[in-house]
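J.: Following this message is one structure expressed as structure tokens.
The values are calculated or read from the model by the stated rules, or taken from the named source; none is laboratory data. Just so we're clear, the structure is a prediction, and the values are computed from it rather than from any experiment. Neighbour counts are summed over all protein chains in view; Cβ atoms, including those assigned to glycine, are modelled from backbone coordinates with ideal geometry. Only protein heavy atoms, including side chains, enter the accessible area calculation; ligands, DNA and RNA are left aside. Shrake-Rupley method; radii C 1.70, N 1.55, O 1.52, S 1.80 Å.
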Amino acid sequence: MKVNNGIKQTEIGLIPEDWEIAKLGDVMEEVNIRVKDLDTIDAEEIPILSLTKNYGLIPQSQRFHKRIATEDVSNYKVIRKWQVVYNPYVIWEGAIHTLRKMDIGIVSPVYIVWKFKDNVDPSFMDYLLRTPLLLNSYLSRASGVVNRRRSISKTDFLNIPIPLPPLSEQQKIAKVLDTIQRAIEIQDRIIETTKNLKKSLMQRLFREGTKGEELKETETGLIPKSWKVVRLGEVADFKNGINFSKEQKGTQGILTVDVLNMYSEGIYLNFENLYRVDVNLENDSDYILKIGDILIVRSSLKREGVGWASLFGGWEEPVTFCGFIIRIRLNNISNILPEYLTYFLRSEIAREELIKASGQVAITNITQGALKSLKIPRPSLPEQQGISSILSTIDRKIKIEQRRKDLLKQLFKTMLHKLMSGEIRLWDVEI
């Protein structure tokens, strides 16, 4: 692998001297096969795919699939593996997508489907279509307005210039990027497996404990014989957060926890992007968070978001919380560890109860009354510590694996740029 020195100036910038400048029309051609053209494949068995802004080409929702199945899909277009689709009337990053992980799908007749010619490597082209250079060229060619949307014609699409290395180098570039991509996918599976393990363990730990004790029947179901059941209102005090006007929110005043700071993977608050609120809380110290306070989402646009708990572990300056949040502060006789309670509040056992107790109009809300009546299984303090320790170990594992995934994604982004620009060459590398 070498850093390239022999470069030339082109209409798309500097590229290696032995690379060509081509247009998409030189390497792609339109495919126009309709469902009605299929003889041997049952169209009902083919997934209906749609372009989405964040996830690319994905199967339509089951609800949409059932609705569309009652209509005539004979004019829907067929797309096969390594073919490319775009919607000429939807212009945003990611609007071009290669079908990489499925053998076949069908898409709306509005979409245009392309296949790569034999002079290019399909995997290389897929990665090239994801580069900022290509996407910026695509977006810059959008013109006019159709149904209040900008559009891009087939002619303009096919005239987009691209760098074109020799075929052997295309294949090497694709193999390097494929390797990184597979590593990212492995990390995804590791993270998902670890999250499932945590979910399963939480269900077991809060029902059976860690000591293999005999179980007893209680108002919350079976729990270990030595455990007690208390209501949250018996062991904690509650406080709704501050309300403020739009004008009070900004860069002046006290740091304020918002609902968006609540949804961390670990049990502690996410302190990214805290804003400030210009209010005087000198005489309202109850609004200032203390280490060990637990915050609960009081109001959420999504029903599954209400009642979500996070723990405050301290900060270098005073912090308050907004009115969409309820603060829980354990009292001196609670005999409950904040970490244990936060994990329990995030368990499916508690989540089901809290969501069931919530009310919904435009947004979903939960009241202090509903929280106070929530039943909490209370083991001994050492067992609470043991349960918390097990779950925090898994949280650390998830965090480590997520960090590895983030590093791989950054490596992919870096290598995508350097390989597609020819800054790093692979012509002398056996892959």
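J.: Out of SER168, SER153, I need the residue that is in contact with a strand residue (DSSP E or B) (Cβ under 9 Å, 6 or more places away or on another chain) and of a type in the set (Gly, Ala, Ser). Which one?
T.: SER153
J.: Shifting gears a bit: Take the conditions within 23 Å of ILE294 (Cα to Cα) and in a helix (DSSP H, G or I) and apply them to GLU234. Does it pass?
T.: Details: within 23 Å of ILE294 (Cα to Cα): yes; in a helix (DSSP H, G or I): yes.
In short, yes.
J.: Then there is this: Restricting to region 161-193, count the residues that are under 25 Å from ASN136 (Cβ atoms), out of contact with any helix residue (DSSP H, G or I) (no Cβ under 6 Å at 6 or more places or on another chain) and among the polar types (S, T, N, Q).
T.: 1
J.: What number of residues within region 120-134 satisfy the criterion of being more than 24 Å from the chain's Cα centre (by Cα) and at pLDDT 90 or above?
T.: Filtering region 120-134 down to residues more than 24 Å from the chain's Cα centre (by Cα) leaves 120-125, 133-134.
Adding the requirement that they be at pLDDT 90 or above leaves 120-125.
Summing the residues that are more than 24 Å from the chain's Cα centre (by Cα) and at pLDDT 90 or above in region 120-134 gives 6.
J.: I've got another one for you. Specify the residue that is nearest to GLU352 (Cα to Cα); the eligible residues are those in region 213-223 that are assigned to a loop (DSSP other than H, G, I, E, B) and open to solvent by less than 70 Å² (accessible area, probe 1.4 Å). Break it down stepwise before answering.
T.: Residues of region 213-223 assigned to a loop (DSSP other than H, G, I, E, B): 213-214, 219-220.
If we keep only those that are open to solvent by less than 70 Å² (accessible area, probe 1.4 Å) as well, we get 213, 220.
On the way: GLU213: 25, THR220: 12 Å.
Per the stated criteria, the residue is THR220.
J.: Of everything in region 373-395, what is surrounded by fewer than 16 Cβ atoms within 10 Å (Cβ to Cβ) and either touching a Gly at 6+ places or on another chain (Cβ under 7 Å) or without any contact (Cβ under 8 Å) to a residue 24 or more places away in the chain (or both)? Give them in sequence order.
T.: Answer for region 373-395, where residues must be surrounded by fewer than 16 Cβ atoms within 10 Å (Cβ to Cβ) and either touching a Gly at 6+ places or on another chain (Cβ under 7 Å) or without any contact (Cβ under 8 Å) to a residue 24 or more places away in the chain (or both): SER373, PRO382, SER389, THR393.
J.: Here's something else I'd like to know. May I ask you to list the residues in region 274-306 that are surrounded by 14 or more Cβ atoms within 10 Å (Cβ to Cβ) and charged (D, E, K, R)?
T.: Selection gives ARG276, ASP278, ASP293, ARG298.
J.: What number of residues within region 311-336 satisfy the criterion of being without any contact (Cβ under 8 Å) to a residue 60 or more places away in the chain and either in contact with a strand residue (DSSP E or B) (Cβ under 7 Å, 6 or more places away or on another chain) or buried (at least 17 other Cβ atoms within 10 Å of the Cβ) (or both)?
T.: Here is the first cut: in region 311-336, the ones without any contact (Cβ under 8 Å) to a residue 60 or more places away in the chain are 311-314, 316, 332.
Adding the requirement that they be either in contact with a strand residue (DSSP E or B) (Cβ under 7 Å, 6 or more places away or on another chain) or buried (at least 17 other Cβ atoms within 10 Å of the Cβ) (or both) leaves 311-313.
Total satisfying the criteria: 3.
J.: Which ones in region 76-135 are within 21 Å of PRO165 (Cα to Cα) and among the hydroxyl-bearing types (Ser, Thr, Tyr)?
T.: If the condition is that a residue be within 21 Å of PRO165 (Cα to Cα) and among the hydroxyl-bearing types (Ser, Thr, Tyr), then THR98, SER123, TYR127, THR131 are the ones that fit.
J.: Within region 190-211, how many residues turn out to be open to solvent by 60 Å² or more (accessible area, probe 1.4 Å) and outside any helix (DSSP H, G or I)?
T.: 2
J.: Same structure, new question: Given (1) touching a Leu at 6+ places or on another chain (Cβ under 9 Å); (2) modelled with pLDDT under 80; (3) within 18 Å of PHE116 (Cβ to Cβ), where does GLU93 come up short, assuming only one miss?
T.: Of everything listed in (1) touching a Leu at 6+ places or on another chain (Cβ under 9 Å); (2) modelled with pLDDT under 80; (3) within 18 Å of PHE116 (Cβ to Cβ), GLU93 misses just condition (3).
J.: Still on this structure, please answer the following. Please state which of the following conditions LEU289 fails to meet, knowing it meets all the rest: (1) modelled with pLDDT of 95 or more; (2) aliphatic (A, V, I, L, M); (3) in contact with a helix residue (DSSP H, G or I) (Cβ under 6 Å, 6 or more places away or on another chain).
T.: With (1) modelled with pLDDT of 95 or more; (2) aliphatic (A, V, I, L, M); (3) in contact with a helix residue (DSSP H, G or I) (Cβ under 6 Å, 6 or more places away or on another chain) applied to LEU289, the lone miss is (3).
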